[in-house]
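So the structure is just underneath, and the comments pick up after that.
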Amino acid sequence: MNLCRSATCHKQASCIVRPEETSQLQRLVQRLVENDVRFAVRSGGHSPNLLAAAIEDGILIDMSGFDEVTIDKDNGVVVVGSGQRWGDKIFPALTAEGLMAVGGRVPAVGVGGFLQGTGLSYLSGRYGLACDNVKNFEVILSDGSLVNANTDENPDLFKAMKGTGNQFGIVTRFTIYTYPLGQIWGGQKFYGPEQLPALLQASLEFQQNAALHDVDASIMLLYFPTGPDAGGVLSMVYLKPEANPPAFAPFENIPTTDDNTKIQSLTSMIAGAPVPPNPRWDWWNVNFRPTAAIYDHFQPLLQGQPVETISSVKNSTIAVGLNSIGPNVIQRGIDMGGNLLGNTVEAQTWFAINAGWANAADDETVHTAGGELIRQMRDVTIKEGEHIEWLFPNEANHDQQVTGSFGVQNVEELRRVRDKYDPQRVYQRLLPGGFKIPGS
């Protein structure tokens, strides 16, 4: 059984059910609906958001029994069960065949939440978001029927399911595209806290140049403002076996405290990525067009009261993350048939705050402080005229209005699709977790 990564979303379910056959899950959905029973669905359990993969006084459906991994090289796809985690079987199996899919950047991330929460990958610069690389959703609707959603069958449902969570049904299997990939160059570079200004400047240069023109290059910068591990961790990936490619030149002369970059498989690189061990987590997201003026605000914000409050909590960790997004990440989704996410084709930064701690007594303190820090960051992006209203579902907080950020027309279409395929609104009423479609 897959457990929740964060204790913040541990709940006492009335019963845990682990189906292994699609027909079992179909009958279960029918019984839940007939008896008006609340439920939750867990794939990998990576999200710390309340009720994202847990429930109290309801039925928890554990999807770990859906663990299929079937590679179809002739058709360039892999079929994966929605209970799989990327690092368990999928990445090793694909790597052995010289292939890769647009999958998670952490091996323990589950397939279901990642693919249905948009999914940002080290391959996204070239191939787009993970949800746009799904060829087919096999999904159980609220009446227990099993349907396929793709460009030919139920195409409106197919488009609506890309990145919008489990609002329309329970996915049992995903058919996703695969791409040839051999050795890559990548890993992590580590920096002292005094290098933050240089790292921000280099990140800006990367987005203004490499992210626009070299789709094989991607970075993710994590910065820890306090504690014994204060400093930066830069994950870098180049989808070719070329050490120190020109795309990463802006970072070349910044002194490091450690450096494990090398030519290796992407699977090996992801498996070695550091993950802080804190048992409780919370996270938030805000997005913007990157400018020097916005990055000038970082140092003062990271020395402010919200960071002090979180840092004062016993055994706490706080990390701010900058995901550098090139225009092709969004354009690729349009080229693949489109979605209803409403993001714009432009260079942007997806900014995340990740807070970890140990004790349940500190949950509210950390949650309030993290929410205040993201509000302050949002105010900065609005003041500088570079704010992007769209929110990244995989890193947004349960307090944030994610689906509403997709735009009025897209929300209206999501409502139409919901009312067509789930007229009783089962997945809105009985499945309380996730980012719901706003309004009636």
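The values are calculated or read from the model by the stated rules, or taken from the named source; none is laboratory data. This is a predicted model, so every value here is computed, not measured. Heads up, the Cβs are rebuilt from the backbone with ideal geometry, glycines too, and the neighbour counts pull from every protein chain shown.
Structure data summary
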quantity: Helices (runs of 4 or more DSSP H) enclosed by region 60-174 - at least 3 residues per element that are without any contact (Cβ under 8 Å) to a residue 12 or more places away in the chain; calculated: none
quantity: Helices (runs of 4 or more DSSP H) fully within region 274-351 counting 1 or more residues that are of a type in the set (S, T, N, Q); calculated: 298-301, 305-312, 327-335
quantity: Residue tally, condition buried (at least 16 other Cβ atoms within 10 Å of the Cβ) and modelled with pLDDT of 90 or more, over region 269-287; calculated: 10
quantity: Residue in region 239-247 that is crowded, with 21+ Cβ neighbours inside 10 Å and on the phi < 0 side of the Ramachandran plot present; calculated: yes
quantity: In region 288-303, residue nearest to residue 379 (Cα to Cα) [restricted to those that are in contact with an Asp or Glu (Cβ under 9 Å, 6 or more places away or on another chain) and surrounded by fewer than 20 Cβ atoms within 10 Å (Cβ to Cβ)]; calculated: 297
quantity: Those residues of region 135-187 which are over 21 Å from residue 65 (Cβ atoms), of a type in the set (Val, Ile, Thr) and crowded, with 16+ Cβ neighbours inside 10 Å, in sequence order; calculated: 164, 178, 184
quantity: Enumeration of residues in region 192-215 that are farther than 28 Å from residue 370 by Cα, in contact (Cβ under 8 Å) with a residue 60 or more places away in the chain and surrounded by fewer than 18 Cβ atoms within 10 Å (Cβ to Cβ); calculated: 208, 212
quantity: Residue match in region 93-108 (condition: at pLDDT 95 or above, among the β-branched types (Val, Ile, Thr) and farther than 19 Å from residue 427 by Cα); calculated: yes
quantity: Residue match in region 308-326 (condition: within 18 Å of residue 184 (Cβ to Cβ), among the β-branched types (Val, Ile, Thr) and touching a residue at least 12 places away in the same chain (Cβ under 8 Å)); calculated: no
quantity: Residue within region 13-20 that is under 22 Å from the mean Cα position of the chain (by Cα) and among the aliphatic types (A, V, I, L, M) present; calculated: no
quantity: Residues located in region 9-36, provided they are touching a residue at least 60 places away in the same chain (Cβ under 8 Å) and under 20 Å from residue 146 (Cβ atoms); calculated: 22, 25, 26, 27, 29, 30, 32, 33
quantity: Residue ranges of strands (runs of 3 or more DSSP E) in region 181-270 with at least 3 members of a type in the set (A, V, I, L, M) and under 27 Å from residue 299 (Cα atoms); calculated: 217-224, 231-238
